[in-house]
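Below is one structure, written out as C-alpha cells, with a few remarks after it.
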Amino acid sequence: MTLLNLLASRSSRMKASEIRELLKLLDQPDIISFAGGIPDPTLFPAEAIRDAYAEVLGGAEAGAALQYQVSEGYLPLRRWIAGQMGTLDVACDEANIFITSGSQQALDYLGKLFLSPGDTALVTWPTYLGALQAFNAYEPRYDRLRPEGGNMTPDAYRAAAAANGGKVKFAYLVPDFANPTGNTLDRTQREAVLDLAGELDIAVIEDAAYRALRYDGEGVPPILALDCARCGSIDKARTLYCGSFSKILSPGMRVGWVCAPRHVVEKLVLMKQASDLHSPSINQLVMHRVAESVFDGQVDKLIGAYRERRDGLLGALEANMPEGVTWSRPEGGMFVWATLPEGSDATELLARSVKEARVAFVPGNAFYADGTGRNTLRLSFTLADRRAVTEGIPRLAALLKR
C-alpha cells in the first residue's frame, strides 16, 4: 500500500535541502568543509545559557517556563526585541513583535499568509535556499528582483504575474551580507526596492539574519527603518522584518521573530495558534535572560573571530585560485560567493572535490529559483580555521587547474 497518490499537488515542490544533505559530510573527519552556513559551536555562550536554564528552573519562573505560553511570545523577550529595533530607528513596541521557532518558521508563515497558487514572489537571483523551500509549498511563481536596477517595470511585473494567473505579492531579500552571495545593498538600492514595492503595492520581506555580523564599513539602515521614515509609523509600513538569535546566541534554541505592523502580527498569531500554539516557553525565557546579559559582548566576540576567518579565506583564494575564477568580498556575514568560468559545473566539481580533494562546498544552482547558476558555488568561512584555508583552498584550486 502507498499513500503517495493521495499527496497534495504542493508536495511535488518540496525538495531536500542540498545544504542539509551536505552537513552530513561534517561527520567525516577527513573532509574539509566550507559547506554548512552554520555558526561555530565553540563560540556559543554555553555557560551563560546553562546558568540561565538553571536560574529559570530553580526559581519562581519555573512554572511559567514549563507551561503554555501566549502565541505572540514571552512578553519580556518581545519588549527586549522592540528595544533593539528602536536602536535601528524602528520605533515599535511589543505588539509589533511576534516570536517564531527560528526565522525559518517566519518565512513559512509569511509565504502561507501572502501566497495563493500561481501568485508571484520577487526574489534575487540567487537567493536564500531556505526561503525558496518555505515559499514552494504555497505554489508560487518566481520573478527576478534586481535591487541594483534592471529593465523590468512595475507594469511588466504585473503583466507577467497576471499571465500566470496570479498577482505579485511580495519582494523577499537578504539586504545585509546575503546568503549566499555575501553582498550588501546600499541605501539607494534599498530605497529602490521600496519604490518598486510601492508602485506594485506589495509587501517587502526583509531577512536580517546576518545584520549584526558586520566586520568592515558603515552600517546601512534596515529597509524597515527607511519604510517607517517614509510612511510615518511601523503600522503603516509594508516591510516585514525577520530577525533571529540563531547566528549570534544559539541556533538550537530555535528563537526568531518578526517585526511588523500590528495587523500582520495579528494574522501571524492566528497561524501560530493553528500550528504549534507557541514557541517553547522555556527557550524564550532563557533567551531573554541571555540576550539581556551577553548579546552585545557575544556580537563583539563573533565579529573578531569571523573577521579573521573571512580574511584568511579571501587571502587563500587570492593566493591559489586560477585565472578566470572570481569571488565576492563581503563586509560581514558568513559567506563568500565564487564564480567559475562559463561552462563550468559546480555540482560535478563537488563530486570530484569530495572524492579527490576531500573538500566540500555548496553548488550555486541550489540558490537559483530556476536552477541556473551552475558555474557558481558558496563557501562558508565560519568554521574555516587556519588548517581549512591553508590546506582546503589549495586542494580545491589544484582541482580547478586540472
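Which part of region 188-227 falls in the paramagnetic zone of Ser233, meaning amide N under 19 Å from the point 7 Å along Cα-to-beta-carbon? Flagged as within label range: 224-227. Taking amide H as placed 1.01 Å from N in the peptide plane, the amide H of Leu240 sits under 5 Å from that of Val204, Ile205, Glu206, each at least 5 places away or on another chain. Residue-wise HN-Hα couplings along region 336-352, as the Karplus relation 6.51 cos²θ - 1.76 cosθ + 1.60 with θ = phi - 60° gives them from phi, are 10, 10, 10, 10, 8, x, 3, x, 6, 10, 5, 5, 5, 4, 4, 4, 5 Hz; Gly and Pro carry x.
Look at the alpha carbon pairs under 8 Å that are at least 6 residues apart: their mean separation over the length of the chain gives a relative contact order of 24 percent.
Region 219-267 and region 30-59 have Cα centres lying 24 Å from one another. 3J(HN,Hα) along region 260-277: 7, x, 4, 5, 6, 4, 4, 5, 5, 4, 4, 5, 4, 4, 7, 9, 10, 6 Hz, from the Karplus curve 6.51 cos²θ - 1.76 cosθ + 1.60 with θ = phi - 60°, whole Hz, x for Gly and Pro. Scanning residues 5 or more positions from Thr120 or on other chains, those with amide H under 5 Å from its amide H are Arg141, Lys167, Val168, Lys169, with H placed 1.01 Å from N in the peptide plane.
P(r) for region 238-367, from all Cα pairs and a bin width of 10 Å, is 9, 26, 26, 23, 14, 1 %, short bins first. Computed from the C-beta positions of Glu199 and Gln28, the FRET efficiency with R₀ = 45 Å rounds to 0.35.
What's the FRET efficiency of Arg329 with Ala137 using the Cβ-Cβ distance as r and R₀ = 30 Å, to the nearest 0.05? E(calc), rounded to 0.05, equals 0.30.
Size descriptors for region 42-115, from the alpha-carbon set: Rg then Dmax equal 15.2, 44 Å. Lys-Lys pairs in the chain that are eight or more residues apart or on separate chains and whose Cα atoms lie under 22 Å of each other come to 17. Secondary structure note: in the chain, about 50% of the DSSP beta bridges are antiparallel. Among the GluC sites (Glu not before Pro) within region 340-402, those in coil by DSSP and having at most 10 neighbouring Cβ atoms inside 10 Å are Glu342. Kirkwood hydrodynamic radius of region 67-293, from the reciprocal of the average inverse Cα-Cα distance over all distinct pairs: 17.7 Å.
Compute the orientation-averaged projected area for the chain from the convex hull of its Cα atoms and round it to one decimal in nm². The number I arrive at for the chain is 21.5 nm².
No value in this document is a laboratory result; all are computed from the given coordinates. All values reported here derive from a predicted model rather than from experimental measurement. Backbone-built Cβ (ideal geometry, glycine too); neighbour counts: all protein chains shown.
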